[in-house]
Structures are given as C-alpha cells and as structure tokens.
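Take a look at the structure below.
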Amino acid sequence: MRYLFNLNTTFGHRVLLRSLIRKCTEVSDNHMTPEIKLHLITPSCSLWHSNIDKCIFVDPYWGFYWAGGQALSRYILDNKKIFKGKNVIDIGSGSGACAIAAACCEDVTVIANDIDPVACEVISMNSRLNNVKIHLNNENLLLSSGLTKVDIILIGDLFYDSEFGEVLFQWLLKCRKNYIKILIGDPGRYVLDNTKKKQLSLVKEYSLSENIILENCGFSSAYVWQM
C-alpha cells in the first residue's frame, strides 16, 4: 500500500507519516557533512532493498543524500561568512540538508522549498533533529517569473532530468536578473552540459569517498557552481 499525504493532512495522519519515516530510515551522519544528522534510507534499511511496486512511498528521493547536495552542504558549512545575514532558499530541498547547513550559519533566514509534502515532513523532522529553524514552502516556484527578496538560491543535485533541467535552468536565469546569488551542487550529470556551464563558474570540486560513489551511480567527484 502506498501512502499519499498533503500539507493539509490531519495531525493524526502526520503522526503516522512521521512514524513511517522513522521506521523506513535511520539517523545517519556517515556522509560529507557529519555535523548534520539526517533521516536517511541506508543499506541497513528495508526500504533500500524494496522494489518500486512494494515501496510504501511514491518516490522516497528525500531519503537519500545525493552527492551534489552533499558537496553544496559541505561548501556552505566551510564558508559560513558568505551566508551571514542572508535570506536563503533551498529549491527542491528533499531531505533539507542544504537548508539545514545554511541554517547553521549566523543570522540567516532559510526557506526549504519542495513540492512533495512528504519531503516537507522529512525536512521538518531533520531540522528538529539538528535544532535549527527552517521555514517550509510547498509551492512550485518554477511556475513564477523568478524570485525577489532572496539573497541566495541553493540547488542541490536537481539536474537529473533533461526536460526538468531545462525548465529549472531557464527559471534560474530569470532569478539571476534580480541579482540573486545562485549556487548549484552537482556530481557531473549530463543534463548540466557545456552549454549551461558557460553560464557558470566553478567554485569548488570535492572528491567523493567510496561509500558515496557506490550510493550515487558511480560519480567520483561533486562540484559547486555559481551562476
């Protein structure tokens, strides 16, 4: 049986959802940002070995700490001064790791955006786990004409699909016109091709450990780009 939830789900159903998330994940700091603990689907979890048709969630992408997100979060934690006093939004936040990393910086207002209400619940759980304050946003912001009143946009490993990647990139170009700093974490996916990279500058490259390589389709490095 698959469970469908939305942000208007009753408190009782949200309690059930949180219980299911805890049951299907484990709290882990075995990644590039051990300062942050996350509810993740690991090889010791039954959901890791579950077939798609037997998975109780439609798409538990929020249970994985993708390499691009790990690199971006690592960069944030190592460069906190850049984020001090800023308004930050993490688009397609998933587990909320990048948003949590930003919230660890001084005097920062952080919004975690994800259209999946289950991911929003996971972000809420992970933010409490790390004792940070994050505002949740469930809107499809890519339908807007761009953002204002935001200083920094975080994009962690969202260039996984050609069609969606093109929509996302064009939207980011609109946001850039409002003088917003845009940081992208990516492990070298083909969607972020050389044409798009002409609009980017490389900020940092990270080598991935063996366990991260195995969990992330064999990518051996991850990169942080600025638009």
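The values are calculated or read from the model by the stated rules, or taken from the named source; none is laboratory data. From a predicted model like this one, the values you see are computed outputs, not experimental measurements. Because the Cβ atoms are built from the backbone with ideal geometry, glycine has one as well, and the counts that use them run over all protein chains shown. For the accessible areas, the whole protein counts, side chains as well, though only heavy atoms, and no ligand, DNA or RNA atoms are used. Shrake-Rupley method; radii C 1.70, N 1.55, O 1.52, S 1.80 Å.
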Hey, can you grab everything whose amide H is under 5 Å from the amide H of Gly188? Only 5+ residues off in sequence or another chain; H modelled, so Pro and N-termini drop out.
-> Tyr223
Taking H as built 1.01 Å from N, whose amide H comes closer than 5 Å to the amide H of Ile182, not counting residues under 5 places away?
-> Ile153, Met227
Sequence-distant residues sharing a close amide H with Val108 (under 5 Å, placed H) = Gly85
Roll a 1.4 Å probe over the protein heavy atoms and report the accessible area of Glu210 in Å², nearest 10.
-> 140
Quick one: which of Lys149/Lys204; Lys174/Lys197; Lys174/Lys196; Lys133/Lys197; Lys54/Lys133; Lys133/Lys174 span more than 23 angstrom between C-alpha atoms?
-> Lys149/Lys204; Lys133/Lys197; Lys54/Lys133; Lys133/Lys174
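Run the helix sum for the chain: -39,500 (n - 2.57) per DSSP H stretch of 4+ residues, divided by residue count, reported at 222 nm to the nearest 500 deg cm²/dmol. Working shown, then result.
Working: 7 runs with 71 residues, N = 227.
Using -39500 (n - 2.57) per qualifying helix, the result is -9000 deg cm²/dmol.
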Accessible-area value, Ile155, 1.4 Å probe, nucleic acids and ligands omitted, Å² | 0
For the chain, the Debye formula with one identical point scatterer on each Cα and no solvent gives log10 I(q)/I(0) at q = 0.08, 0.11, 0.16, 0.17 Å⁻¹ as -0.27, -0.52, -1.15, -1.30
At Arg18 and Tyr190, where each label point lies 7 Å from the Cα along Cα→Cβ, what is the point-to-point distance in nanometres?
-> 4.3
For the range 65-107 and the range 109-182, write down the distance between their C-alpha centroids in whole Å.
-> 11
Phi to ³J(HN,Hα) by Karplus 6.51 cos²θ - 1.76 cosθ + 1.60 over the range 83-98, Hz, x for Gly, Pro | 9, 4, x, 9, 9, 10, 10, 9, 8, x, 5, x, 6, x, 4, 5
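Give the shape of the range 86-203 as rounded, prolate or oblate, defined through the alpha-carbon gyration tensor: a ≥ b ≥ c are the square roots of its eigenvalues, a/c under 1.5 means rounded, and otherwise the shape is prolate if a/b is larger than b/c and oblate if not.
Taking the square roots of the gyration eigenvalues as a ≥ b ≥ c, the range 86-203 is prolate.
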Quick one: compute the contact order of the range 1-125, relative version, from alpha carbon pairs under 8 angstrom and 6+ residues apart, as a percent.
-> 24
Considering only the other residues whose Cβ falls under 14 Å of the Cβ of Leu168, what net charge follows from Lys and Arg at +1 and Asp and Glu at -1?
-> -4
Here the range 40-46 yields Karplus 3J(HN,Hα) values (6.51, -1.76, 1.60; θ = phi - 60°; whole Hz; Gly and Pro given as x) of 10, 8, 10, x, 7, 9, 4
Sites matching trypsin sites (Lys or Arg not before Pro) across the range 138-216 that sit in DSSP coil, with at most 14 neighbouring C-beta atoms within 10 Å = Lys149, Lys177, Lys198
Order the following by accessible area, largest value first: Ile153, Ile134, Ile82. Probe radius 1.4 Å; ligands, DNA and RNA are ignored.
-> Ile82, Ile134, Ile153
Expected field for Cys55, accessible surface area in Å² at 1.4 Å probe radius, rounded to 10, holds 10
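Please tell me the relative contact order of the chain in percent, rounded to the nearest whole number, where contacts are Cα pairs under 8 Å and at least six residues apart. Working shown, then result.
Numbers: 432 pairs, mean separation 41.5, N = 227.
Worked out over the chain, it gives 18 percent.
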Expected max-MSF residue from Tyr206, Tyr190, Tyr65 in the GNM of the chain (alpha carbon, under 10 Å) is Tyr190
